[in-house]
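Shown next, in structure tokens, is the structure this report addresses.
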Amino acid sequence: MKITNHKIADLLSSRKEEKRKSFAVLLDPDKVDLATFPDFLEKAVENEVDFFFVGGSLITNYAIDQLILAIKKHTNIPTILFPGNGLHIDQSADAILFLSLISGRNPDFLIGQHVIAAPMLKKSGLEVLPTGYMLIESGKLTTVSYISNTIPIPSDKPGIAACTAMAGELLGLKNIFLDAGSGAQYPVSAEIIEAVRASVDTPIIVGGGINTSEKALTAMQAGADVIVVGNGIEQNQNLLSEVAACIKMFNLQMEKVY
Ligand SMILES: CC(C)=CCC/C(C)=C/CC/C(C)=C/CC/C(C)=C/COP(=O)(O)OP(=O)(O)O
Ligand SMILES: O=P(O)(O)OC[C@@H](O)CO
Ligand SMILES: [Mg+2]
């Protein structure tokens, strides 16, 4: 059995303590064009992207390994699997978000996939990041809600979100991921993020529908530790540098305050 390290977990918790925010770019293996990918990676390095999240609810083009190979060739940015199911595990990544979909009541996404994946993960050497994954209602039916067959938490019920996150933390989950779902009509609200921030001590990852730097700023001010952007950058590559600049500015201001 391979011994795994805690490099990324330690990074996430120390940054949370220091109130330093991180930027994660979601790469959908079905949408990345490997021919132009090196240019994109160069831009990610220039803009000091902290993490790549690699995954999707449904992946049809099984090229995760090629994607990770290209990332490793051109950058040192840690690559974290963001799997939709156990078929999306690739040992060449640095870590995996071991998501339990705690906002839903589908046993397969709460524990079923995990039982199947566990022996492979133990052998893989991947750093495992136990994460409570919470879907928040976002104005439209998202792929992840449909595929996982779970209903999201109502967006006007911060109390439900807070209790769900507390339960996840008490169960031993080390991160909470608040996701409005990819391409969400509106992102997770400040009210929901604040309620969760006030209820748990874990790092909070926030994604879904963050397609402007203002939305990233709102999430950070509410207590998000990691900002995830996928669709917004697929549609407009300039968003990468805009969000990166916004996060950098936020972190610089924090340094002055503390
Ligand atoms: C235990 C293992 C290895 C897997 C289970 C993992 C769980 C519980 C996943 C939760 C549900 C799920 C399907 C998450 C996938 C989230 C994800 C990577 C979303 C990215 O966006 P898409 O939902 O693919 O949206 P698009 O339609 O825009 O591509
Ligand atoms: O694609 P977007 O809407 O940025 O969402 C990112 C991610 O949090 C989805 O699971
Ligand atoms: Mg996808």
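Odds and ends about this structure:
- Hits in segment 46-69 - residues which are in contact with a Pro (Cβ under 7 Å, 6 or more places away or on another chain), surrounded by 14 or more Cβ atoms within 10 Å (Cβ to Cβ) and not β-branched (Val, Ile, Thr): 51, 55, 56, 63, 67
- Of the residues in segment 204-217, at least one is away from ligand 1 (no atom under 16 Å from the Cβ), surrounded by fewer than 23 Cβ atoms within 10 Å (Cβ to Cβ), among the basic types (Lys, Arg) and under 29 Å from residue 58 (Cα atoms).
- Neighbours by Cβ (under 6 Å, 6+ apart or cross-chain): first from segment 117-131, over 23 Å from residue 203 (Cβ atoms); second at pLDDT below 95 and more than 11 Å from ligand 1 (Cβ to nearest atom): 122/1
- Within segment 225-239, the set of residues being away from ligand 1 (no atom under 11 Å from the Cβ) and under 11 Å from the mean Cα position of the chain (by Cα) comprises 225, 226, 227, 229.
- Matching option when the condition is away from ligand 3 (no atom under 14 Å from the Cβ) and either of a type in the set (Gly, Ala, Ser) or touching a strand residue (DSSP E or B) at 6+ places or on another chain (Cβ under 6 Å) (or both), among 89, 77: 77
- Condition met for residue 65 (out of contact with any strand residue (DSSP E or B) (no Cβ under 8 Å at 6 or more places or on another chain), closer than 28 Å to residue 112 by Cβ and within 16 Å of ligand 2 (Cβ to nearest atom)): no
- Test: residue in segment 105-119 that is more than 8 Å from ligand 1 (Cβ to nearest atom), more than 16 Å from the chain's Cα centre (by Cα) and closer than 17 Å to residue 40 by Cβ: no
- Number of positions in segment 12-45 that are of a type in the set (Ser, Thr, Tyr) and more than 20 Å from residue 97 (Cα to Cα): 1
Residue-by-condition table, conditions (1) within 16 Å of ligand 1 (Cβ to nearest atom); (2) acidic (Asp, Glu); (3) at pLDDT below 95:
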site	(1), (2), (3)
13	no, no, no
16	no, no, no
27	yes, no, no
40	no, no, no
46	no, yes, no
62	yes, no, yes
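The values are calculated or read from the model by the stated rules, or taken from the named source; none is laboratory data. Not measured: the values here are computed from a predicted model. Here the Cβ is made from the backbone with ideal geometry for all residues, glycine too, and neighbour counts use every protein chain on show.
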